[in-house]
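**Q** Take a look at the following structure, please.
The values are calculated or read from the model by the stated rules, or taken from the named source; none is laboratory data. None of these values were measured; they are calculated from a predicted model. When we count neighbours, we look across all protein chains shown, and the Cβ atoms used for this are built from the backbone with ideal geometry, even at glycine.
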Amino acid sequence: MEKNRQFRLIGIRGALRLIIDQKPSLVDVISYVKSFFESNKKFFEGTKVIFEIQSLCDLEASFIEQLKLKLARFEEIDSFKIYNENNKEQDKIEGKNFEDFENKVCFDKMNTKYVCKSLRSGQKIDFEGNVIILGDVNAGSKISAGGSVIVLGSLKGIVQAGILDNSSIVFALDFDPVQITIAGVLGLLSNNDKSLINSNNMFAYFKDDKINIEPWSGRKFLIGE
């Protein structure tokens, strides 16, 4: 999910959140969301998500209502949750018919797919939850996951993680990927990161609008630390 100067779309706790920094055109937003769903069809087959709208600027109520009406046409969207410019959540979730209903979450927790083999060049895995590979991810292979990707072996392929959860991580015992993306942000290795690449037990995570790469210390990882 690439950044836009006026708005951005991120996955968070199994929901999708549209963050609006500056008032955009409705056409641009709808086109952006449509492109996102089309490029991630595998993750939304048979699944509906809560779509959160968070405004960091002053938007008219009529604009939000028009936006919801247009977004409601997407089959992948189950309901809406609205935040005001102060990031305070409204007391209710609104369905497509805009009637109140019981507060709910999209997923109690993400499902996990276990792959008990190595991935060869040309092989690809698409899964809406977490992916654990009991083997290697070789160059030329790719994993796309709604959540975290754990490789109990060598990671030398491409990983796209955190499509539905920006707190997701990418971990590998032998960490040397061609490319990593978490929450739509491409991980660019700094010189310091490159010096650590040959270390074992490395992981990457999204924080402060960038991908961070560190050695795994054996402690429980907390995104807020």
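**Q** Out of ASP208, ASP165, report the one residue that is closer than 23 Å to PHE51 by Cα, modelled with pLDDT under 85, outside the structural domain of ARG17 (by TED's automatic domain parsing) and exposed (fewer than 15 other Cβ atoms within 10 Å of the Cβ). Step through it out loud before you land on a result.
**A** Numbers: ASP165 fails: exposed (fewer than 15 other Cβ atoms within 10 Å of the Cβ).
Within the list ASP208, ASP165, the selection yields ASP208.
**Q** Return yes or no: is ASP21 over 30 Å from ASP126 (Cα atoms), at pLDDT 85 or above and either surrounded by 14 or more Cβ atoms within 10 Å (Cβ to Cβ) or not β-branched (Val, Ile, Thr) (or both)?
**A** Considered against the rule, which asks whether it is over 30 Å from ASP126 (Cα atoms), at pLDDT 85 or above and either surrounded by 14 or more Cβ atoms within 10 Å (Cβ to Cβ) or not β-branched (Val, Ile, Thr) (or both), ASP21 comes out as yes.
**Q** Those residues that are surrounded by 15 or more Cβ atoms within 10 Å (Cβ to Cβ) and under 17 Å from TYR32 (Cβ atoms), I need them from segment 71-86; list them, please.
**A** Within segment 71-86, LEU71, ALA72, PHE74, GLU76, ILE77, PHE80 meet the criteria.
**Q** How about segment 42-64: which of its residues are without any contact (Cβ under 8 Å) to a residue 24 or more places away in the chain and touching a strand residue (DSSP E or B) at 6+ places or on another chain (Cβ under 9 Å)?
**A** The one that is without any contact (Cβ under 8 Å) to a residue 24 or more places away in the chain and touching a strand residue (DSSP E or B) at 6+ places or on another chain (Cβ under 9 Å): ILE64.
**Q** Continuing with this model, one more query. Please work out if LYS92 is closer than 21 Å to VAL185 by Cα, modelled with pLDDT under 85 and in contact with a strand residue (DSSP E or B) (Cβ under 6 Å, 6 or more places away or on another chain).
**A** In short, no.
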